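Notes follow once the structure below has been shown.
The values are calculated or read from the model by the stated rules, or taken from the named source; none is laboratory data. This is a predicted model, so every value here is computed, not measured. Here the Cβ is made from the backbone with ideal geometry for all residues, glycine too, and neighbour counts use every protein chain on show. Ligands, DNA and RNA are stripped out before the accessible areas are found, and what is left, the full protein with its side chains, is counted by its heavy atoms. Shrake-Rupley method; radii C 1.70, N 1.55, O 1.52, S 1.80 Å.
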Amino acid sequence: MDARQLEYFLAIVEHGGFSKAAAALHVAQPSLSQAMANLEADLGVALFHRVGRGVVLSDAGAELLEPSRRVLRDLAAVRDTAAALAGLHGGSVEVATMPSPGIEPLTTLIHRFTELHPSVTVSTQAAFTPDEVVSLVRSGACELGLLGSAAPVHPSGLDVLHVEDQPFVVVAAPGGTIEDDVTIRPEDLAGQKLIASRTGSLMRSIVDDITADGTGTEIVTVVDHRTSILPLVLTGVGVAVLPSSWTRLARRCGAVVAPIEPTAHLHVAMVSLPAHLTPAARAFLALTGSLAERRARPA
């Protein structure tokens, strides 16, 4: 077994088949097929089931995914460590992120990180629940995960760095009854049309509590993609309840943002495996820790 075989194996999984993996790797498909046949012979198990002209990952193949990713990441860490003796040069760091933390603090983190390490690439992968973020980190698909949750998370086997708590705010188009930076209460939203995410998110539970008061507030549209919310607000479709991470962007786009009291908080945290981090990932995690310390200090 060698690293090249593991790289080929992961490429077949990630690209959904031998032909696409071969094209992505710039190798001949027969060479790729032979490498997999040799790997299966070495291991004594079938990694894929051949179905028609395609392949399906076997149970044994599924078990090999996480160890393969870790082996290749560890090899990359060795190369990066050697290169990092004179500073962090090259490489990449992969971060799984939920939508709201992906606005902030991720924007600040990437901005500062790329200033410090301009030759390192930061790649992000979308996730929509804390469980998805944890799964991506546990599987080795991403080294770091940035999530927001209704309560602090404690996933087994992962390190958790608390970054900040984000209160929820109301975002509205200008010219209405909601004034910028003027605190409102849920009952002040009587008669408003609300833009909401699907059931299951903390944002949606807050909206449901508001509409349950019987004040005439109603949900006018439900969206899957959080990136749709701000444009809908600005066109006057309705108002939205969002984490404060959206505040700066919303105001730059011309929306008004009002604190709401009482409110829940989105608990933002960075999760990582306690080992197997590349130097780039360790540097990004350290930067996140510094940001968390600064934001925890009294204003």
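Which ones in segment 214-243 are among the small types (Gly, Ala, Ser) and open to solvent by 40 Å² or more (accessible area, probe 1.4 Å)? Don't jump to the end; show me each part of the working.
Step one: filter segment 214-243 for residues among the small types (Gly, Ala, Ser), giving 214, 216, 228, 236, 238, 240.
Hits for segment 214-243 are Gly214, Gly216, Ser228, Gly236.
For segment 196-296, please list each of the strands (runs of 3 or more DSSP E) lying entirely inside it that holds at least 2 residues being more than 30 Å from Leu75 (Cα to Cα) and at pLDDT below 95. Break it down stepwise before answering.
Numbers: elements: 218-223, 239-243, 256-259, 265-272.
Once the strands (runs of 3 or more DSSP E) in segment 196-296 are filtered for at least 2 residues that are more than 30 Å from Leu75 (Cα to Cα) and at pLDDT below 95, what remains is 218-223, 239-243, 265-272.
What is the one condition in (1) within 25 Å of Arg138 (Cα to Cα); (2) in contact (Cβ under 8 Å) with a residue 40 or more places away in the chain that Asp42 does not satisfy?
(1)
So which residues in segment 45-60 are part of a loop (DSSP other than H, G, I, E, B) and either modelled with pLDDT under 90 or within 33 Å of the chain's Cα centre (by Cα) (or both)? Walk me through it before giving the result.
Residues of segment 45-60 part of a loop (DSSP other than H, G, I, E, B): 45-47, 52-53, 58.
Residues satisfying the conditions are Ala46, Leu47, Gly52, Arg53, Ser58.
In segment 11-24, how many are surrounded by fewer than 18 Cβ atoms within 10 Å (Cβ to Cβ) and not hydroxyl-bearing (Ser, Thr, Tyr)? Walk me through how you get there before you give the answer.
First, pick out the residues of segment 11-24 that are surrounded by fewer than 18 Cβ atoms within 10 Å (Cβ to Cβ): 14-17, 19-20, 23-24.
From what is left, the residues that are not hydroxyl-bearing (Ser, Thr, Tyr) are 14-17, 20, 23-24.
So the answer is 7.
Could you check Leu25 against (1) of a type outside the set (Val, Ile, Thr); (2) under 20 Å from Ser139 (Cβ atoms); (3) without any contact (Cβ under 8 Å) to a residue 40 or more places away in the chain and say which number it fails?
Condition (2) is where Leu25 drops out.
Which residues, counting only those in segment 129-155, are within 21 Å of Pro274 (Cα to Cα), more than 14 Å from the chain's Cα centre (by Cα) and open to solvent by 40 Å² or more (accessible area, probe 1.4 Å)?
Pro152, His154
Identify all residues within segment 252-299 that are touching a strand residue (DSSP E or B) at 6+ places or on another chain (Cβ under 6 Å) and among the polar types (S, T, N, Q); write none if there are none.
If the condition is that a residue be touching a strand residue (DSSP E or B) at 6+ places or on another chain (Cβ under 6 Å) and among the polar types (S, T, N, Q), then Thr263, Ser272, Thr288 are the ones that fit.
Looking at segment 232-252 only, could you name the residues that are farther than 16 Å from Gly176 by Cα and of a type outside the set (Phe, Trp, Tyr)?
Taking segment 232-252 as the starting set, the residues that turn out to be farther than 16 Å from Gly176 by Cα are 242-249, 252.
Across segment 232-252, the qualifying residues are Leu242, Pro243, Ser244, Ser245, Thr247, Arg248, Leu249, Arg252.
Would you please name the residue that is most open to solvent (accessible area, probe 1.4 Å), looking only at residues in segment 1-10 that are in a helix (DSSP H, G or I) and within 12 Å of Ala35 (Cα to Cα)?
Initial filter on segment 1-10 (in a helix (DSSP H, G or I)): 3-10.
Narrowing further to those that are within 12 Å of Ala35 (Cα to Cα): 3-9.
Working: Ala3: 38, Arg4: 110, Gln5: 13, Leu6: 8, Glu7: 90, Tyr8: 25, Phe9: 0 Å².
Looking at residues that are in a helix (DSSP H, G or I) and within 12 Å of Ala35 (Cα to Cα), I get Arg4.
Output the number of residues of segment 102-129 satisfying the condition of being in a helix (DSSP H, G or I) and either charged (D, E, K, R) or touching a residue at least 40 places away in the same chain (Cβ under 8 Å) (or both).
Filtering segment 102-129 for residues in a helix (DSSP H, G or I) gives 102-103, 106-116.
Still in the running and either charged (D, E, K, R) or touching a residue at least 40 places away in the same chain (Cβ under 8 Å) (or both): 102-103, 106, 108-109, 112-113, 115-116.
Looking only at that region, the number is 9.
Go over the candidates Ala172, Ala76, Ala126 one by one and state the one that is closer than 21 Å to Ser228 by Cα and open to solvent by 20 Å² or more (accessible area, probe 1.4 Å). Break it down stepwise before answering.
On the way: Ala172 fails: open to solvent by 20 Å² or more (accessible area, probe 1.4 Å); Ala76 fails: closer than 21 Å to Ser228 by Cα.
Exactly one of Ala172, Ala76, Ala126 is closer than 21 Å to Ser228 by Cα and open to solvent by 20 Å² or more (accessible area, probe 1.4 Å), namely Ala126.
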